[in-house]
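What follows is one structure encoded as structure tokens, with my remarks underneath.
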Amino acid sequence: MTQSIEELKQQTESLLQEAISQIAAAEDSQMLNTIRVNFTGKKSELNNISKMMGKLDKDQKPELGKAISGFHANFNQHLDDKISQLKAEELNKKLAGEVLDVTLPGKTPKVGTKHILTQTREEIETFFLGLGYQVVDGPEVEVDLYNFEKMNLPKNHPARDMQDTFYIDQELLLRTHTSPVQARTMEKHDFSKGPLKMISPGKVFRRDDDDATHSHQFQQVEGLVVDKSIKLSDLKGTLLAFSKAMFGEETEIRLRPSYFPFTEPSVEVDVTCFKCHGEGCPMCKHTGWIEILGAGMVHPDVLEMSGIDPTEYSGFAFGLGIERVAMLRYNIDDIRHFYQNDLRFLSQFKGGQN
Ligand code: FA5
């Protein structure tokens, strides 16, 4: 049956109205897609109308063409508007479901803390930097020459027994103390630029059996001052100021005669017990004093072996165990706690960081 141009235009218009009402009722993009296929696809009524074009008179063809393209323009416009509307609705729904209460307290990230030995080492460094010392590093794998010989401990010297260690070969070993850094620093020092004042913190190793106060690996801080007319009283004044800074203003020190091959005279330095303040308690084994370090005046032979004239220069040196200082300050009863990585122990020492 052939339809007139008027009927075709009418049919196109009806189709458009139907499409518009379906678009308006659509609830999601999937429904819109179905509408698009139904109204503009190959099997759509509109396509059938387009096929009628060939049967129309020449002057009627543009009329139908105009009606069809009018359909498309209108249809697409309504479709686009609906897509935007659905998108906006979707976003609003999402936002409504995601209510953000900006007044809720935030989640504090867990921040770690420096190991208590690192904190103690840094406090010691800060103290000596304040007195104008430089902080020097030295090798942990050391040669016999620096660890022993230049420290006045020639081969077969009986005092080597006090510091047995792990040997890599005849000449190479894990250093037993930080004292070899003394020789390494003295050899390089230029006295025209001022006195030598250094500390050197670091790991040391000994063939010691582990117990509550001994470990086969621990940390020391070496101290060394060399200049013209350095005296034992300079050592005592420095260590008194250090002890007060570490253990409290009321702390006193005493020097007891001792022996180290690299110092002459040599002393052990004790501080007044900061628990009983000298009265006597289990901590200080009822003596009122606690030993913290070894020290002395640098032996003239040690100065000479490092190229310094002992008739012109003198110096003092000291060496302390960082673990020992931390154990005393925080009343820690077993050195092994430092190395076991037990968070219940470590997290007690948060320093100033948390
Ligand atoms: C020395 O190592 C000397 N080099 C110190 C020194 C330097 C004296 C400069 C004079 C001049 P000593 O062996 O006493 O000395 O060790 C020094 C400190 O290291 C001790 O007071 C102790 O705190 C610590 N220490 C020694 N052996 C151990 C160990 N096995 N475990 C933990 N700490 C230790």
Among the numbered criteria (1) within 14 Å of the ligand (Cβ to nearest atom); (2) assigned to a loop (DSSP other than H, G, I, E, B), which single criterion is violated by CYS276?
(1)
At pLDDT 95 or above and under 29 Å from ARG336 (Cα atoms) - does that describe any residue in the stretch 148-163?
yes
Between a first residue in the stretch 261-272 that is at pLDDT 95 or above and a second residue that is open to solvent by 20 Å² or more (accessible area, probe 1.4 Å) and among the small types (Gly, Ala, Ser), which pairs have beta carbons less than 8 Å apart while being 6 or more apart in sequence or on different chains?
SER266/SER258; VAL267/SER258; GLU268/SER258
One residue from ILE20, ILE35 being in contact with a His (Cβ under 6 Å, 6 or more places away or on another chain) and either of a type in the set (Asp, Glu) or under 24 Å from ASP80 (Cα atoms) (or both):
ILE20
One residue from ASP208, ASP190 being at pLDDT 95 or above, of a type in the set (D, E, K, R) and surrounded by fewer than 19 Cβ atoms within 10 Å (Cβ to Cβ)
ASP190
Failed condition for ILE168, given (1) more than 10 Å from the ligand (Cβ to nearest atom); (2) surrounded by 15 or more Cβ atoms within 10 Å (Cβ to Cβ), with all others met?
(2)
Using the structure shown, decide if LYS203 is away from the ligand (no atom under 12 Å from the Cβ), of a type in the set (D, E, K, R) and at pLDDT 95 or above.
no
Quickly run through the stretch 305-354 and pick out the residues that are basic (Lys, Arg), over 26 Å from TYR146 (Cβ atoms) and surrounded by 12 or more Cβ atoms within 10 Å (Cβ to Cβ).
ARG329, ARG336, LYS350
Select from the stretch 109-165 the residues that are over 30 Å from PRO195 (Cβ atoms), within 16 Å of the ligand (Cβ to nearest atom) and among the polar types (S, T, N, Q) and list them in ascending order.
THR165
Determine if the stretch 296-304 includes at least one residue that is in contact with a helix residue (DSSP H, G or I) (Cβ under 9 Å, 6 or more places away or on another chain), assigned to a helix (DSSP H, G or I), within 14 Å of the ligand (Cβ to nearest atom) and open to solvent by less than 20 Å² (accessible area, probe 1.4 Å).
yes
Restricting attention to the stretch 91-119, the residues that are surrounded by 10 or more Cβ atoms within 10 Å (Cβ to Cβ) and under 17 Å from the mean Cα position of the chain (by Cα) number exactly 8
Would the stretch 209-228 turn up any residue that is more than 12 Å from the ligand (Cβ to nearest atom) and under 16 Å from LEU131 (Cβ atoms)?
yes
Only one of these conditions is not met by LYS43: (1) touching a residue at least 40 places away in the same chain (Cβ under 8 Å); (2) of a type outside the set (Val, Ile, Thr); (3) not in a helix (DSSP H, G or I). Which number is it?
(1)
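Suppose we filter ARG336, ARG324, ARG329 for residues that are more than 12 Å from the ligand (Cβ to nearest atom), out of contact with any strand residue (DSSP E or B) (no Cβ under 6 Å at 6 or more places or on another chain) and in contact (Cβ under 8 Å) with a residue 12 or more places away in the chain; which single one remains? First the steps, then the outcome.
Working: ARG336 fails: more than 12 Å from the ligand (Cβ to nearest atom); ARG324 fails: more than 12 Å from the ligand (Cβ to nearest atom).
From the options ARG336, ARG324, ARG329, the qualifying one is ARG329.
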Sole miss for LEU346 among (1) within 18 Å of GLU222 (Cα to Cα); (2) away from the ligand (no atom under 16 Å from the Cβ); (3) touching a His at 6+ places or on another chain (Cβ under 8 Å) is condition (1)
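The values are calculated or read from the model by the stated rules, or taken from the named source; none is laboratory data. Treat the numbers as computed from the prediction; the structure is a model and nothing was measured. So basically every Cβ, Gly included, is an ideal-geometry build from the backbone, and we count neighbours across all protein chains shown. Please note that ligands, DNA and RNA were not included when accessible areas were found on the heavy atoms of the full protein model with its side chains. Shrake-Rupley method; radii C 1.70, N 1.55, O 1.52, S 1.80 Å.
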